[in-house]
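Accompanying notes for the structure given below.
The values are calculated or read from the model by the stated rules, or taken from the named source; none is laboratory data. Predicted, not measured: the structure shown is a model, and the values here were computed from it. Glycine also receives a Cβ, built like all others from the backbone with ideal geometry; neighbour counts cover every protein chain displayed.
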Amino acid sequence: MIFNIKIMLKKIIIIFLLCIWFFSFFKINEKNYEKHNEIKINLIKHPENLPNKTIAKATSFWFENLKADIYWLKTIQYIWANAFHSEYKKYLFSILDLVTELNPYFEKPYIIGQLLLPGYEKNYEFITEDEQKIHLNEAINLGLKWVENFCNNEKIELIDNENNLIKIWSDDKYKNPCLSYKVPYYLAFTYYQYKNDPISSAKYYKIASANTDSLEWAKTMAAIMQWKWWEREKSFFMFLNIASFIEPDNEICTIFFFYLENIWINVFIKKEIEINGNLVWSLNNIREKTFWIGDNRIDINDETKCSNYINKSIREFNLEYIELANKKYFSEKGKNSKNAKQLFDEWYIDYLPVDFQQNKDYWVIYLFNEKTWNYDYDVWIY
């Protein structure tokens with residue numbers, strides 16, 4: 001009897017403790033929800049509650065990093081609380097600017113600013129065109145703030161004035177211009193993707209690619225952005241040099257390099273050979289045979305292999321051939337052609353170049369880009 005009573009008491013105590021635990025759990029969640037709303041109210045409806053940057057630093061009493069961490073946690077909660085319709089954009093810059101003022105070395109806020117501020121999705125973001133421009137400039141200002149604090153201005157100037165990417169990547173006087181490659185890398189993306197500014201984009205991709213901790217893709221983008229505003233002959237030669245730089249001991253690429261270099265000299269420097277359909281066809285034909293073994297392509301899309309850049313240089317040659325035809329088309333018809341196939345169908349070119357990126361699922365075509373006012377490539381069909 002006494003034993004049964006003890007068991008019963010234990011059960012009652014366990015049930016009681018469980019009730020307390022569930023009650024506490026719901027109260028804590030309720031408090032979290034209230035705090036969540038409080039953060040939203042303070043940061044959205046009352047942005048004036050954000051302290052002035054100077055005051056925030058002055059009242060940190062040598063604990064700026066700790067205070068920055070607190071505001072960073074609030075930033076994450078603020079973004080999450082106001083993700084619907086991207087309402088967080090309204091004061092995101094102010095908060096990130098404050099966090100980076102308290103702890104300039106904290107890299108994540110700069111990157112978050114590049115990723116979240118400039119983008120726009122018209123289906124669910126209710127902001128005006130002027131507001132979009134403001135947020136874009138805020139993202140750029142955050143990136144430039146980091147560059148100003150953590151990059152060597154002398155090296156940046158040297159890199160900006162140097163168009164030879166191989167020299168930038170191999171000469172010690174250009175190496176590691178910044179504490180990290182990441183912010184310049186994202187800043188370069190912002191400039192091109194949202195600002196349509198290939199010149200500034202090329203500058204910051206070059207800066208990012210000069211860091212030894214950088215991604216290989218940064219080097220590729222540095223070259224690509226340069227041809228967005230360069231003459232084709234320079235971009236053709238630049239991709240050719242990257243191929244030689246990346247795999248100097250690759251015999252196939254070395255042979256192809258000298259072959260293409262000779263064409264470059266005779267076409268663009270000496271001007272002894274005219275670009276025509278036969279020349280473009282022969283280049284594409286040799287390229288196709290060189291980088292195929294049986295049914296397999298050799299390293300054709302691997303950014304760390306020379307074959308990728310050999311192919312990119314030939315793509316530039318194809319585009320030069322097409323642009324020359326388009327100039328004639330424009331002079332005769334007063335408008336630009338839509339794509340390379342139109343030029344071919346209307347007898348302005350006698351060979352339709354086939355890009356190296358072709359397979360059963362997608363293929364790359366050459367078409368006129370209204371934004372940059374020159375020929376470009378895209379994944380599409382004619």
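Just to be sure, is Ile207 surrounded by fewer than 16 Cβ atoms within 10 Å (Cβ to Cβ), in contact (Cβ under 8 Å) with a residue 24 or more places away in the chain and assigned to a helix (DSSP H, G or I)? Steps first, please.
Working: surrounded by fewer than 16 Cβ atoms within 10 Å (Cβ to Cβ): no; in contact (Cβ under 8 Å) with a residue 24 or more places away in the chain: yes; assigned to a helix (DSSP H, G or I): yes.
No; evaluated as a whole, the condition is false for this residue.
Tally time: how many residues in the range 80-110 are surrounded by fewer than 18 Cβ atoms within 10 Å (Cβ to Cβ), under 21 Å from Phe189 (Cβ atoms) and either modelled with pLDDT under 80 or of a type in the set (A, V, I, L, M, F, W, C) (or both)?
Summing the residues that are surrounded by fewer than 18 Cβ atoms within 10 Å (Cβ to Cβ), under 21 Å from Phe189 (Cβ atoms) and either modelled with pLDDT under 80 or of a type in the set (A, V, I, L, M, F, W, C) (or both) in the range 80-110 gives 1.
Tally up the residues in the range 121-139 that are surrounded by fewer than 14 Cβ atoms within 10 Å (Cβ to Cβ) and acidic (Asp, Glu), please.
Count: 3.
State which residue is farthest from Ile76 (Cα to Cα) when the search covers only the range 102-142 and only residues that are without any contact (Cβ under 8 Å) to a residue 60 or more places away in the chain and among the small types (Gly, Ala, Ser).
The residue in question is Ala139.
From the list Glu261, Glu320, Glu272, which one is more than 33 Å from the chain's Cα centre (by Cα), within 30 Å of Trp373 (Cβ to Cβ), of a type in the set (D, E, K, R) and modelled with pLDDT of 80 or more?
On the way: Glu261 fails: more than 33 Å from the chain's Cα centre (by Cα); Glu320 fails: more than 33 Å from the chain's Cα centre (by Cα).
Result of the check over Glu261, Glu320, Glu272: Glu272.
In the range 294-301, is there at least one residue being crowded, with 19+ Cβ neighbours inside 10 Å, among the small types (Gly, Ala, Ser) and either at pLDDT below 85 or more than 22 Å from Ala340 (Cα to Cα) (or both)?
no
Report, ordered by the first and then the second residue, all pairs with beta carbons closer than 8 Å, sequence separation of six or more or different chains, a first member in the range 311-325 that is under 16 Å from Ser282 (Cβ atoms), and a second member that is modelled with pLDDT of 90 or more and outside any helix (DSSP H, G or I).
Listed pairs, sorted by first residue: Phe317/Ile275; Asn318/Pro353; Asn318/Tyr366; Glu320/Ile275; Tyr321/Ile275; Tyr321/Asn276; Tyr321/Ile349; Tyr321/Pro353.
So which of Leu179, Leu142 ends up being crowded, with 20+ Cβ neighbours inside 10 Å, over 13 Å from the mean Cα position of the chain (by Cα) and farther than 23 Å from Met238 by Cβ?
Numbers: Leu179 fails: crowded, with 20+ Cβ neighbours inside 10 Å.
Residue meeting the stated conditions: Leu142.
Being in a helix (DSSP H, G or I), out of contact with any strand residue (DSSP E or B) (no Cβ under 7 Å at 6 or more places or on another chain) and of a type in the set (Val, Ile, Thr): is that true of Ile199 here? Working first, answer last.
Details: in a helix (DSSP H, G or I): yes; out of contact with any strand residue (DSSP E or B) (no Cβ under 7 Å at 6 or more places or on another chain): yes; of a type in the set (Val, Ile, Thr): yes.
Considered against the rule, which asks whether it is in a helix (DSSP H, G or I), out of contact with any strand residue (DSSP E or B) (no Cβ under 7 Å at 6 or more places or on another chain) and of a type in the set (Val, Ile, Thr), Ile199 comes out as yes.
Can you name every one of the helices (runs of 4 or more DSSP H) wholly within the range 114-192 that holds 1 or more residues which are among the hydroxyl-bearing types (Ser, Thr, Tyr) and under 21 Å from Trp217 (Cα atoms)? Full working, then the answer.
Working: elements: 129-150, 153-160, 165-170.
The qualifying helices (runs of 4 or more DSSP H) are 165-170.
How many residues are part of a helix (DSSP H, G or I), β-branched (Val, Ile, Thr) and more than 19 Å from Ala139 (Cα to Cα) when one looks only at the range 54-93?
Of all residues in the range 54-93, those part of a helix (DSSP H, G or I) come to 54-58, 64-81, 84-86, 89-93.
Subset that is β-branched (Val, Ile, Thr): 54-55, 70, 75-76, 79.
Filter again for more than 19 Å from Ala139 (Cα to Cα), leaving 54-55, 70.
Count: 3.
Just to verify a result, which residue in the range 73-132, among those that are among the small types (Gly, Ala, Ser) and closer than 21 Å to Asn52 by Cβ, is farthest from the chain's Cα centre (by Cα)?
Residues of the range 73-132 among the small types (Gly, Ala, Ser): 81, 83, 86, 94, 113, 119.
Those left that are additionally closer than 21 Å to Asn52 by Cβ: 94, 113.
On the way: Ser94: 24, Gly113: 13 Å.
Checked the range 73-132; the qualifying residue farthest from the chain's Cα centre (by Cα) is Ser94.
For the range 253-273, give me each residue that is out of contact with any helix residue (DSSP H, G or I) (no Cβ under 8 Å at 6 or more places or on another chain), surrounded by fewer than 14 Cβ atoms within 10 Å (Cβ to Cβ) and either of a type in the set (Val, Ile, Thr) or outside any helix (DSSP H, G or I) (or both).
Ile255, Ile269, Lys270, Lys271, listed by residue number.
Being basic (Lys, Arg), in contact with a Phe, Trp or Tyr (Cβ under 7 Å, 6 or more places away or on another chain) and modelled with pLDDT of 85 or more: is that true of Lys312 here? Show your work before the answer.
On the way: basic (Lys, Arg): yes; in contact with a Phe, Trp or Tyr (Cβ under 7 Å, 6 or more places away or on another chain): yes; modelled with pLDDT of 85 or more: yes.
Judged against the criteria, Lys312 is a match.
For every residue, the table says whether it meets (1) at pLDDT 95 or above; (2) closer than 27 Å to Leu136 by Cβ; (3) of a type outside the set (Lys, Arg).
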| position | (1), (2), (3) |
| --- | --- |
| Glu162 | no, no, yes |
| Lys167 | no, no, no |
| Asp172 | no, no, yes |
| Leu187 | yes, yes, yes |
| Lys203 | no, yes, no |
